[in-house]
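Colleague: Encoded as structure tokens, here's the structure I'll be asking about.
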Amino acid sequence: MTRIIHPVPLVLAVALAAASAAISLPKFQLFLVGQLAMVVIVTVSMTILMGGAGLLSLASAAFLAVGAYGLLIAMGPLGLPLLPALVVVVACCAALGGVLGVLALRISGFYLAVVTLGFLQVLLTLLKHGGDLTGGGYGLITPLLSFPGVKRLTVAHVSMASVFLAVCVIGVGVALMSSRMGRAWLALRDKEPAARMLGIDVSRMRILVFAFTSGLIGLAGTLHPLLLGVANPGSFSVHLSIFHITLVVVGGMTGSMAGAVTAPALLFFIPEYFSTLGEWRDFFYGGILLAALIFMPNGIAAAVTERFPRLRALSGGVR
Amino acid sequence: MSLLLGGLAIGGVYALIAIGVVLCYRATGVVNFAHGELMMIAAYAYAIVHDLTGSPTLEIVAAISAGAVGGLICFLLTGVVMRGAAEMSLVIGTLGVLILLQSGARHLFTDTPLPSEGWLFGDHNLTLFGVSAPANSLLILAALVVVAAAILYWQYATLFGRAVLAVAEDPWRASLAGIRVQSTLAISWLVSGMLAGLAGMLLGPVIGVFPTMGADVLFPAIVAAILGGFGSVAGAFAGGLIIGLLQTFTVVFLGGAVKEAVMFGFLLLVLLWRPSGLFTGPVARKF
Amino acid sequence: MTALFEATNLSATFGGLKALSDFSLSVDVGEIHGIIGPNGAGKTTAINVMTGFLPRREGQLLFDGRPIPPATHLLAARGIGRTFQSPSIFPGLTVRENVMTGGHVWTRSGLFGNALRSSLALTEEERLSTEAVDWLDKVGFGRDPDAAVGELPFGELRKLEIARALMARPRLLFLDEPTAGLTFEEIQTLRNLLRAIRTPDGAPISIVLIEHNVPLVFSFCDRVTALDKGLVIARGEPSQVRRDPGVVQSYLGLVGDSEPAATRPPRPVRPAGKQILEVSRLCAGYGRMTVIRDIDLNVSEGELVLLCGRNGAGKSTLLNALTGFPRPQSGAVSWLGGRMDHLPVSEVIRSGIGLVPQERGVIAGQSVDANLRLGTIGLRLGRRDFAKRREEMLSLFPALGPRLAQLAGTLSGGERQMLALARVLIRRPRLLLLDEPTIGLAPTIVDQLTRIIDTVHRDGLSIIVAEQNVGWVAPLADRAYMLEGGHIQASGRPDEIMRQDQLTEAYLGRQVA
């Protein structure tokens, strides 16, 4: 299982390679790939949270929003340069996530889902009525940015950076889930008493996983305004959170990173290809969610490896 | 005074829905996130039949049947197809139904609200205690009381009602008495759906008929149910009224924008103080 | 030498009932200590209090002379481990990964260390992996360590759980019913393993064993503590405890040397009616645990059949499986000529069989009257018919009369049992299954029950009674089966099977020298 070890340089190299390969794509495809990268980061995080630690959260859209707005506000009124702003925003998301984690200790299961939903609603209300700071219902527009060494930060640059980040996050996800931390999360998800008896501090692990994954989702959120040029409240609704949950369900609620990567790829591009699907996209996603729950309870990765057992060696290590 | 009545009216709406959700949970063990959508399809059914026939009886039948069908679909999903699945999976399953129904409605009917002012009592007003209130709102309160009473009667006076409670409390021992657990569950879902249908029909004229009408009121209703301990009709009733009053007073004194924040904050405080809600129902929650 | 582990004055209360009182235990280094006691004696409660799963309101726990913190996850760091009644294997991890989680307590690498694969993380991971495979070898685990746990046979799951517990390097290990569900050979393997295991530095591991398999405990443990009704009734070396009359009585229900059926004049032999229930090669259990194997038994009309055997022998599982929950894993059950083994419970009940389960078959949240009413569901009784039947039940169980409106959950133990029985009898079944009906009841109530059961039996009702304390029912029985280790060990007339010495030997094992 620990055969496929991903030391840091290897991941960075692959990430750079992927990013460079991405340059060769035509502009529109590059833009889509950048968005896909964003979604992959979120899916990896939610897979760790839901599939790994077994915590149902409807707040993923909220952390994306905090990331998006946070970056613009940090760079705008607060005047921070890009990188420090990123760091601050991600840290804030991690802290907020930690708070949710503490809440999760006293409130469990379904109630937690409702509380995270409430968190999302409150945040959206704040954003819609935040006056000039948040741009109200229209949101904020990303200013033109420059970056040392690059005159103007274009969508192409950001897309490449997204791909780079996504590969790094996948690497982190794989590393974590196949490590002592991932095992501890999977243990406390399924058999909490036995986990406790083996010395696993369940409370601490729950807070950690919430903080960490929220930080990562916040990071993905910062890419949003950079790629799309705007941040407005309409993009961060409950439906987005449910979409993320759908992705995890389709990918497999087993903490499998293979699923976390294939699910977004599939679900992201299929509607693009079936453009007639356009309007019925939501309906399509709802149907996929139910179909996945019913027919593929362990997700795509597991369903595939059941059919093709030889692939198990590949995905078995890549949890 | 009118503030109080207004709060109670809204609270009545939430209470009605909360009772439906709690009842469903107590009987089947599943929290139906799609309950709001069942209300919505019932409202649309009413609207369609209203346009087609204008016959009050048929309209009511349509609404309640739509709700019943919705309940049956939920039963088939959670009680048959996904029987025995983990709680998280079942919750997500109801989320799936939510999306299907909501987006389906969106595309069939678009987001524009359907005209619903002519429903039921239209815009007649009744004067009560010197205050004039829309008849439809009062109808909701009246329906709430009737429904709550009817459910309590059903649960405690009829054999089937007792069987439902028995199944909720202890499925194995219930089956040892000869109770058919699956059929009981199916009927419980059906009744829950019918209640949703009734609520949808009553809400139509009050809040309008549009695809997200159910989801909009479901969240406060679920908060109300949680406050009520998710255990009993009485708890849901009280929880609904509390949320209704809380919301009305928030809107008047603090402005409409913060009403969600206040509700969420209130919920959080209550849960931190008493993680099982304000009242404890007779059946222990599974959370 | 101070004891390694010392518990004093532990107690636990559930809803008004004192499940454990003044419990104390002391375990030396390298000692293997057994805890025995009939159902409900408080064994698992005791372990739960000692390992932090139940709040500790009074009393003291010392390990190595120092007090133990109440939080469970801190116990592992001190060197205390535990397994559970049904193996708590993590389904999301492979076999090897399961064992590796045992090493969580002595590894240090954190979130970032593991995310970035620091050298500490990598070295620890390597060590965990090799040591895990080591432990799997030591416990005799015979499968591929990288297999998923889903298809493992039950015996391997138990070994896996022990390997995982040992990986955490405990100095004291609590084992909760480790032999439940294992075959004879597997039990022997486990015995040898437990005797031989040592910590990595060669020190012997102390073991506290909770078991229903009393013969095993007596043959294997250095010292034994016997519990009954929440109190310690005996403690000492196996031979001592086995001789203790209190222990014998707690298991057999016989006082002194009163002989059951054997020496009393046999009942008038009634001509056997036709066979109504036939069970052949029945296997059943919970999840993947098989508790009863290859059970053959039959019941003829009008018979009272006794199913005796010690706790854990499978009596409850057998009766429950007959009614459909748990669904039999294999074998056939024929009732009145038709196959019944795949019917849902409600249909079995509706076809004329009634079961009074061990923990009282009443719906606690409803009134006595409601319970009786519910018992008639599906019979479509009119008001008058129901009233008539209810009257019949009330004449049989007069104690229920004044309590019709009372919530079943608030009844006393004896009243609850009466209600459970009434609820089944109101249906007029043709076969009545009783699972340990006298457990936890006062002698006067036992007498009442005995009379009632005798009455309905004489009226022609066929009955199967599963009992550990056979004293009251042996005189009433027409035939008996002895269940041991999930198999039918003996069958025949009660007096043939149940001489006291035979029973004692079956329950408690041969006398230890």
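Colleague: Where residues in region B:229-245 are modelled with pLDDT of 90 or more and within 14 Å of another protein chain (Cβ to nearest Cβ), which of them is surrounded by the fewest Cβ atoms within 10 Å (Cβ to Cβ)?
Modeller: B:ILE243
Colleague: Tell me, which residue of region B:72-84 that is of a type in the set (A, V, I, L, M) and more than 7 Å from every other protein chain (Cβ to nearest Cβ) is surrounded by the fewest Cβ atoms within 10 Å (Cβ to Cβ)?
Modeller: From region B:72-84, those of a type in the set (A, V, I, L, M) are B:72-73, B:76-77, B:80-82; that's our starting set.
Still in the list and also more than 7 Å from every other protein chain (Cβ to nearest Cβ): B:72-73, B:76-77, B:80.
Values: B:LEU72: 16, B:ILE73: 17, B:LEU76: 13, B:LEU77: 23, B:VAL80: 11.
Here the answer is B:VAL80.
Colleague: Would you point out the residue of region A:197-207, among those that are touching a residue at least 24 places away in the same chain (Cβ under 8 Å) and more than 10 Å from A:ALA53 (Cα to Cα), that is nearest to the other protein chains (Cβ to nearest Cβ)?
Modeller: Out of the qualifying residues, it is A:SER203.
Colleague: Please indicate, with yes or no, whether at least one residue in region B:259-269 is facing another protein chain (nearest Cβ under 10 Å), closer than 28 Å to B:ALA149 by Cα and either at pLDDT 80 or above or in a loop (DSSP other than H, G, I, E, B) (or both).
Modeller: Among the residues of region B:259-269, at least one is facing another protein chain (nearest Cβ under 10 Å), closer than 28 Å to B:ALA149 by Cα and either at pLDDT 80 or above or in a loop (DSSP other than H, G, I, E, B) (or both), which makes the answer yes.
Colleague: Please work out which one of (1) crowded, with 21+ Cβ neighbours inside 10 Å; (2) not assigned by TED's automatic domain parsing to the domain that holds C:GLU97 is the condition C:ILE197 fails and give its number.
Modeller: Of the numbered conditions (1) crowded, with 21+ Cβ neighbours inside 10 Å; (2) not assigned by TED's automatic domain parsing to the domain that holds C:GLU97, the odd one out for C:ILE197 is (1).
Colleague: Could you list all residues from region C:83-109 that are of a type in the set (Gly, Ala, Ser), at the interface with chain A (Cβ under 8 Å from one of its Cβ atoms) and within 21 Å of A:GLY54 (Cβ to Cβ)?
Modeller: C:SER88, C:GLY92, C:GLY102
Colleague: Please verify whether B:SER175 is at pLDDT 90 or above, small (Gly, Ala, Ser), surrounded by fewer than 18 Cβ atoms within 10 Å (Cβ to Cβ) and out of contact with any strand residue (DSSP E or B) (no Cβ under 7 Å at 6 or more places or on another chain), treating the condition exactly as stated.
Modeller: Numbers: at pLDDT 90 or above: yes; small (Gly, Ala, Ser): yes; surrounded by fewer than 18 Cβ atoms within 10 Å (Cβ to Cβ): no; out of contact with any strand residue (DSSP E or B) (no Cβ under 7 Å at 6 or more places or on another chain): yes.
Judged against the criteria, B:SER175 is not a match.
Colleague: Here's a follow-up. Take region C:112-127 and flag every residue that is at the interface with chain A (Cβ under 7 Å from one of its Cβ atoms) and either of a type in the set (Ser, Thr, Tyr) or part of a loop (DSSP other than H, G, I, E, B) (or both).
Modeller: Hits for region C:112-127 are C:LEU116, C:ARG117.
Colleague: Which condition breaks for B:GLY197 when tested against (1) within 13 Å of chain A (Cβ to nearest Cβ); (2) assigned to a helix (DSSP H, G or I); (3) surrounded by 21 or more Cβ atoms within 10 Å (Cβ to Cβ)?
Modeller: Going through the list (1) within 13 Å of chain A (Cβ to nearest Cβ); (2) assigned to a helix (DSSP H, G or I); (3) surrounded by 21 or more Cβ atoms within 10 Å (Cβ to Cβ), B:GLY197 breaks only (1).
Colleague: Failed condition for C:GLY302, given (1) at negative phi; (2) surrounded by fewer than 21 Cβ atoms within 10 Å (Cβ to Cβ), with all others met?
Modeller: (1)
Colleague: Is there a residue in region C:434-452 that is part of a helix (DSSP H, G or I), among the aliphatic types (A, V, I, L, M), crowded, with 22+ Cβ neighbours inside 10 Å and within 14 Å of chain B (Cβ to nearest Cβ)?
Modeller: Checking region C:434-452: not a single residue is part of a helix (DSSP H, G or I), among the aliphatic types (A, V, I, L, M), crowded, with 22+ Cβ neighbours inside 10 Å and within 14 Å of chain B (Cβ to nearest Cβ).
Colleague: Continuing with this model, one more query. Checking C:ALA474 against (1) within 24 Å of C:ARG281 (Cβ to Cβ); (2) surrounded by 19 or more Cβ atoms within 10 Å (Cβ to Cβ); (3) of a type in the set (Gly, Ala, Ser), only one condition comes out false. Which one?
Modeller: Here C:ALA474 clears every test but (1).
Colleague: Test of understanding: among C:LEU216, C:LEU209, C:LEU231, which residue is buried (at least 21 other Cβ atoms within 10 Å of the Cβ) and in contact (Cβ under 8 Å) with a residue 60 or more places away in the chain?
Modeller: C:LEU209
Colleague: Of the residues B:ILE242, B:ILE222, B:ILE226, which single one is assigned to a helix (DSSP H, G or I), in contact (Cβ under 8 Å) with a residue 60 or more places away in the chain and farther than 21 Å from B:LEU5 by Cα?
Modeller: Details: B:ILE242 fails: farther than 21 Å from B:LEU5 by Cα; B:ILE226 fails: in contact (Cβ under 8 Å) with a residue 60 or more places away in the chain.
So the residue among B:ILE242, B:ILE222, B:ILE226 that is assigned to a helix (DSSP H, G or I), in contact (Cβ under 8 Å) with a residue 60 or more places away in the chain and farther than 21 Å from B:LEU5 by Cα is B:ILE222.
Colleague: Which one of B:ALA63, B:ALA47, B:ALA15, B:ALA34 is surrounded by 24 or more Cβ atoms within 10 Å (Cβ to Cβ), farther than 30 Å from A:SER108 by Cα and not hydroxyl-bearing (Ser, Thr, Tyr)?
Modeller: B:ALA63
Colleague: Being in the same structural domain as C:ARG235 (by TED's automatic domain parsing), closer than 23 Å to C:THR72 by Cβ, among the hydrophobic types (A, V, I, L, M, F, W, C) and out of contact with any Pro (no Cβ under 6 Å at 6 or more places or on another chain) is the requirement here; does C:LEU17 meet it?
Modeller: Working: in the same structural domain as C:ARG235 (by TED's automatic domain parsing): yes; closer than 23 Å to C:THR72 by Cβ: no; among the hydrophobic types (A, V, I, L, M, F, W, C): yes; out of contact with any Pro (no Cβ under 6 Å at 6 or more places or on another chain): yes.
Taking the combined requirement at face value, the residue does not satisfy it.
Colleague: Another question, if that's okay. Can you give me the number of residues within region C:218-238 that are of a type in the set (S, T, N, Q) and either out of contact with any helix residue (DSSP H, G or I) (no Cβ under 8 Å at 6 or more places or on another chain) or modelled with pLDDT of 90 or more (or both)?
Modeller: Keep residues of region C:218-238 that are of a type in the set (S, T, N, Q), which gives C:219, C:225.
When the remaining residues are screened for being either out of contact with any helix residue (DSSP H, G or I) (no Cβ under 8 Å at 6 or more places or on another chain) or modelled with pLDDT of 90 or more (or both), the result is C:225.
Total satisfying the criteria: 1.
Colleague: Which ones in region C:133-166 are within 12 Å of another protein chain (Cβ to nearest Cβ) and not in a helix (DSSP H, G or I)?
Modeller: The answer is C:ASP144, C:PRO145, C:ASP146, C:ALA147, C:ALA148.
Colleague: Can you pull out the residues in region C:52-83 that are in contact with a Pro (Cβ under 7 Å, 6 or more places away or on another chain) and not in a strand (DSSP E or B)?
Modeller: C:GLY52, C:PHE53, C:ARG56, C:GLY79, C:THR83, listed by residue number.
Colleague: Still on this model: Taking region C:379-403 on its own, how many of its residues are crowded, with 17+ Cβ neighbours inside 10 Å, outside any helix (DSSP H, G or I) and within 14 Å of chain B (Cβ to nearest Cβ)?
Modeller: 1
Colleague: So for region A:162-173 (the condition being facing chain C (nearest Cβ under 9 Å) and crowded, with 24+ Cβ neighbours inside 10 Å), does at least one residue qualify? Lay out the reasoning, then the answer.
Modeller: Here is the first cut: in region A:162-173, the ones facing chain C (nearest Cβ under 9 Å) are A:171-173.
From what is left, the residues that are crowded, with 24+ Cβ neighbours inside 10 Å are A:172-173.
Yes, region A:162-173 contains at least one residue that is facing chain C (nearest Cβ under 9 Å) and crowded, with 24+ Cβ neighbours inside 10 Å.
Colleague: Also, quick follow-up: Residue check: is A:ALA211 in contact (Cβ under 8 Å) with a residue 12 or more places away in the chain and either farther than 19 Å from C:GLY81 by Cα or of a type outside the set (Val, Ile, Thr) (or both)?
Modeller: Values: in contact (Cβ under 8 Å) with a residue 12 or more places away in the chain: yes; either farther than 19 Å from C:GLY81 by Cα or of a type outside the set (Val, Ile, Thr) (or both): yes.
So A:ALA211 fits the description; yes.
Colleague: Scanning region B:85-96 for residues that are more than 7 Å from every other protein chain (Cβ to nearest Cβ) and modelled with pLDDT of 85 or more, which turns out surrounded by the most Cβ atoms within 10 Å (Cβ to Cβ)?
Modeller: Ranking the candidates gives B:LEU90 first.
Colleague: Would you say A:ALA194 is aliphatic (A, V, I, L, M) and more than 7 Å from chain C (Cβ to nearest Cβ)?
Modeller: Against the criterion (aliphatic (A, V, I, L, M) and more than 7 Å from chain C (Cβ to nearest Cβ)), A:ALA194 does not qualify.
Colleague: Residue check: is C:GLY338 modelled with pLDDT under 90 and more than 24 Å from the chain's Cα centre (by Cα)?
Modeller: So C:GLY338 passes the test.
Conditions tested, residue by residue: (1) surrounded by fewer than 18 Cβ atoms within 10 Å (Cβ to Cβ); (2) in a loop (DSSP other than H, G, I, E, B); (3) more than 14 Å from chain B (Cβ to nearest Cβ).
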{"site": "A:PHE63", "(1), (2), (3)": "no, no, yes"}
{"site": "A:VAL66", "(1), (2), (3)": "no, no, yes"}
{"site": "A:GLY70", "(1), (2), (3)": "no, no, yes"}
{"site": "A:GLY79", "(1), (2), (3)": "yes, yes, yes"}
{"site": "A:ALA85", "(1), (2), (3)": "no, no, yes"}
{"site": "A:VAL102", "(1), (2), (3)": "yes, no, no"}
{"site": "A:TYR111", "(1), (2), (3)": "no, no, no"}
{"site": "A:LEU117", "(1), (2), (3)": "no, no, no"}
{"site": "A:LEU127", "(1), (2), (3)": "no, no, no"}
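Colleague: Taking C:THR130, is it more than 7 Å from every other protein chain (Cβ to nearest Cβ), in a helix (DSSP H, G or I), β-branched (Val, Ile, Thr) and within 30 Å of C:GLN188 (Cα to Cα)? Let's see the steps before the verdict.
Modeller: Numbers: more than 7 Å from every other protein chain (Cβ to nearest Cβ): yes; in a helix (DSSP H, G or I): yes; β-branched (Val, Ile, Thr): yes; within 30 Å of C:GLN188 (Cα to Cα): yes.
In short, yes.
The values are calculated or read from the model by the stated rules, or taken from the named source; none is laboratory data. Here the structure is a predicted model, which means the values were calculated and not measured. We place every Cβ from the backbone using ideal geometry, glycine too, and count neighbours over all the protein chains shown.
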